[in-house]
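The values are calculated or read from the model by the stated rules, or taken from the named source; none is laboratory data. The shown structure was predicted, so the numbers you read here are calculated from the model rather than taken from an experiment. Methodologically, a virtual Cβ is constructed for each residue, glycine included, from the backbone with ideal geometry; neighbour enumeration extends over all protein chains shown. When the accessible area is computed, the model is the full protein with side chains, heavy atoms only, and any ligands, DNA or RNA have been set aside. Shrake-Rupley method; radii C 1.70, N 1.55, O 1.52, S 1.80 Å.
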Amino acid sequence: MAELQLRDIRKSFGTVDVIKGVDLTINSGEFMVFVGPSGCGKSTLLRLIAGLETITGGTLAFDGQIVNNLAPSKRGIAMVFQSYALYPHMTVYDNMAFGMQLAHAGKEQIRERVEKAAELLQISPYLKRLPKQLSGGQRQRVAIGRAIVRDPKVFLFDEPLSNLDAALRVATRLEIAKLHHSMNGATMIYVTHDQVEAMTLADRICVLRDGIIEQVGTPVELYEQPQSIFVAGFIGSPKMNFLTGRFAEPYGAKTIGVRSEHIQIGPGEGAWTGKVIHSENLGSDSYVYADMGADEPVVVREDGTKKHQPGEPISIRPIPGQVHRFDAEGRPLGRQ
Amino acid sequence: MSDIAIPAKANATRRPDESDLVKQRVRAAMWFLLPMLAALAVVAAWPLLRTIWFSMTDASLTHLADARFVWFNNYLHWTVLKSGKVIWSGVLVDPAWWNAVWNTLRFAVLSVAFETVFGVIVALVLNAEFPGRGIVRAAVLIPWAIPTIVSARMWGWMFNDQFGIINDMLMHLGLISTKIAWTASADTAFYAILIVDIWKTTPFMALLILAALQMIPRDIYEAAAIDGVHPVKTFFRVTLPLIRPALMVAVIFRLLDAMRIFDLVYVLTPNSAQTKTMSVISRENLIDFDKFAYGSAESTLLFLIIAVMTILYIWIGQVRFEGGTR
Ligand SMILES: Nc1ncnc2c1ncn2[C@@H]1O[C@H](COP(=O)(O)OP(=O)(O)O)[C@@H](O)[C@H]1O
Ligand SMILES: [Mg+2]
């Protein structure tokens, strides 16, 4: 349970500026997700919060107390690494208990906490095993268990799911969401490059780009009111369709963006015409890729499993009120 | 790992449809091993067998071909005098030999112990990030790269009682009041050898350990930092267990090497009973004293001692390793 204040946080490695002034308040008990493309500085920002890197400029405060120079172990945090970072020579139990053992906690107290965490994560049967005797998903749970045992005020996750296969990723994502509810009050900061993870887990998302914050908001805010073309393109799957030139002119914008689910198929007023390039059938719905004469094909989501042949002519129109308009700098002009 | 485990299991069960494949693999392995085995037979097995053979003869340098087989007389032999007194002879009752064994063992244990500790320290330093690390890493290797004869001569001059820089420095620092004949004095000769060997071989240890240190993922240390583990404890509880397998290999390499030390002693303190090792004494008998068979017996014993130590070390290491995984 802690509120974090980041004030003009900067980080340089030598002459390379990686974090270029981040202002952000993370509320107590909040699930905050840092999302952005690879290399934008998410991990670095998280490691600054953890204390694993030194802060070059600005202040970092936990509950109003500046912690810039506080050792990681004194900040009341726990971190789950992408690579699990388990001690390979220790059993699952020892991995989880190690920190407490060295802090000279009572044996009973340690066992109680480890067993409780193990139960929560369903790893109780594996307590005597070594990490190498576990699957990737189990290892990641041990890593999460180790974090829980620390009983931290702030949980830090750095891409904890990216080494897992797709099915396991969804399952573990659910566990983390459950964990947040059950740990009532712990602040969680979660780094990912996967916007689906961000959308499904976050109370609020912080979109980073090149070491600066593009936008902070709830998933719905980012989805409905992106404050830049970058955020509009990054959030949502498939990617928002961007059109310029003759498509954007009628809307009085340099660029317009329409999500695939906000386009209807069929002729009508203001409809665009073109040809089907390809269609993907996902069972519940399908995605039609159409060449409208723009730089890139337009993706349209359609319910059901209607088949479109490549080359087939098609008319599509954006749903009124769902067209995002952007100026030449990529700033939003509102929807129309 | 599982990719490797699966074919291995299949091999073990030897299903009929796979036996051809297995045969083919064995044949391929034989062809790969053959040149190696041939080379080993010529340079290792044959000389070893010859040495063992000579150790059971009365050969001398001038009578190698017409040597007579005398069983184990070179090792242990007794003569009963007319007076009824029994006189024992042979390597196993030779005080000079046992002195050499003791010198060698003491040298091997002490030098490897120091080299391991210093090697770990140097490796930890080299593993840290600092400007010019590449150059320092290369520079540290220099003692190892210099041929032993050269460095032994070099240290011989440094240890010289009259002109040596070591006496000079110690005198200036006021640590000693009279010059010490490092290599000639019975009290110091052994330590002179020890110092030079440690100086020479620590880089080798450091490099092997550095390789092991670099295999440890950095994030484990970060996890330890978050766990609030003191760096010293991190070293003993995390680093050391993780480099232990590599450390074991390095120690056994060095131990075997130290057991047959010759060149350093031969150059630095050729006439000191305090430093005479098994290799030195067997060469002395083989060449200088023209007791070829006797020297061969000593060489054979040296071989046996090293073999037994190797087996023991591996066995103990395995037992402890299994204990650690429990
Ligand atoms: N220790 C470091 N030294 C130098 N550059 C680094 C270091 N750590 C990260 N960087 C650089 O900082 C940038 C951001 O890295 P990172 O925070 O890991 O990105 P992300 O996690 O968003 O993919 C990258 O360009 C990376 O090369
Ligand atoms: Mg990262």
If amide H atoms are built 1.01 Å from N in the plane of the peptide, which residues on other chains or at least 5 residues away come under 5 Å of the amide H of A:His278?
A:Tyr289
Mean separation of Cα contacts under 8 Å (at least 6 apart) over the residue count of chain A, i.e. the relative contact order in percent, is 17
For A:Leu222, the net charge from surrounding residues (Cβ-Cβ under 10 Å; K, R +1; D, E -1) works out to -2
Env charge @ B:Glu115, Cβ radius under 12 Å, K,R +1 / D,E -1, value 0
With N set to the residue count of chain B, report its C-alpha Rg divided by 2.2 N^0.38 Å to two decimal places.
1.29
Cα-Cα separations in the protein assembly as shown greater than 47 Å, expressed as whole percent
46
Between the stretch A:259-336 and the stretch A:92-108, what's the alpha-carbon centroid distance in Å?
57
In terms of modelled amide H atoms, which long-range or inter-chain residues lie less than 5 Å from the amide H of A:Glu53?
A:Leu48
How many percent of the accessible area of the protein assembly as shown is carbon or sulfur, using a 1.4 Å probe?
61
Under a Cβ-Cβ cut-off of 10 Å, what is the net charge of the residues other than A:Ser162 that fall near it, where Lys and Arg count +1 and Asp and Glu count -1?
-3
I'd like the projected area of chain A, averaged over all directions, using the convex hull of its alpha carbons. Report it in nm² with one decimal.
19.9
Taking H as built 1.01 Å from N, whose amide H comes closer than 5 Å to the amide H of A:Asn241, not counting residues under 5 places away?
A:Val258, A:Arg259, A:Ser260
In percent, how large is the relative contact order of the stretch A:81-189, given Cα pairs closer than 8 Å and 6 or more residues apart?
35
Per residue of the stretch B:113-118, in order, report the coupling 6.51 cos²θ - 1.76 cosθ + 1.60 (Karplus, θ = phi - 60°) as ³J(HN,Hα) in whole Hz, putting x for Gly and Pro.
4, 5, 4, 5, 5, 5
Result for the protein assembly as shown: accessible area per residue, probe 1.4 angstrom, in square angstrom, of 52
Cβ neighbours within 10 Å from other chains - mean over B:215-224
6
Report ³J(HN,Hα) in whole Hz for each residue of the stretch A:69-76, in order, from the Karplus equation J = 6.51 cos²θ - 1.76 cosθ + 1.60 where θ = phi - 60°; Gly and Pro get x.
10, 8, 5, x, 5, 9, 8, x
Taking both sides together, what accessible area is buried at the A/B interface, probe 1.4 Å, expressed in Å² and rounded to the nearest 100?
1800
